1. Please determine, by comparing only the residues of the range 132-149 that are surrounded by 13 or more Cβ atoms within 10 Å (Cβ to Cβ) and either assigned to a helix (DSSP H, G or I) or in contact (Cβ under 8 Å) with a residue 24 or more places away in the chain (or both), which one is nearest to the chain's Cα centre (by Cα).
2. GLU76: within 14 Å of the chain's Cα centre (by Cα), surrounded by 10 or more Cβ atoms within 10 Å (Cβ to Cβ) and charged (D, E, K, R), yes or no?
Amino acid sequence: MNINLVLIIALALAVVCCLAWLLIKVSHLKAQSKLLSSQVNALEMLTADLQANIHNIAQKNAELNDLISTQNTENEQVSKQLEHRIKGQQQAIANITQQLTLIDEQQPQDKFYHRASKLAAKGASAEEIMAECELPRAEVEMLLAIYKQNNNE
């Protein structure tokens, strides 16, 4: 019986050791479970924060897109206004250029008449005025007649 008792005690000790080992393992697993649970909670909180940030970023992105769209519309309007003003200015410049060309074309003729008037005032003859100013006889005679009429009054 001694052997049976020794075997039973050995078996009981083995069972106690296994139970102790299992208790240690369970305790260790509970600690790991708590750690994992706290990590899962932390990850869930981070996920919620990230989702909130993503939502905020999407909202800001939509606001920026609206602002860009508004700015593009305003830029197009300003661009059209500037194009209209530029065309107006170009037309004004073309008109002024045309007027300057006409003035330049008229000035040589005006210079001849001005010079002819001065010569008439000095008492030059019709032939002298015609030669120097390249004016037709009829115009020179008319100029001399006007000059004489003004001097007689």
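1. CYS133
2. yes
Just so you know, all these numbers are worked out from the coordinates, no wet-lab data involved. A quick note: this is a predicted structure, and the numbers were derived from the prediction, not measured. Note: ideal-geometry Cβ built from the backbone for every residue, glycine included; neighbour counts use all protein chains shown.
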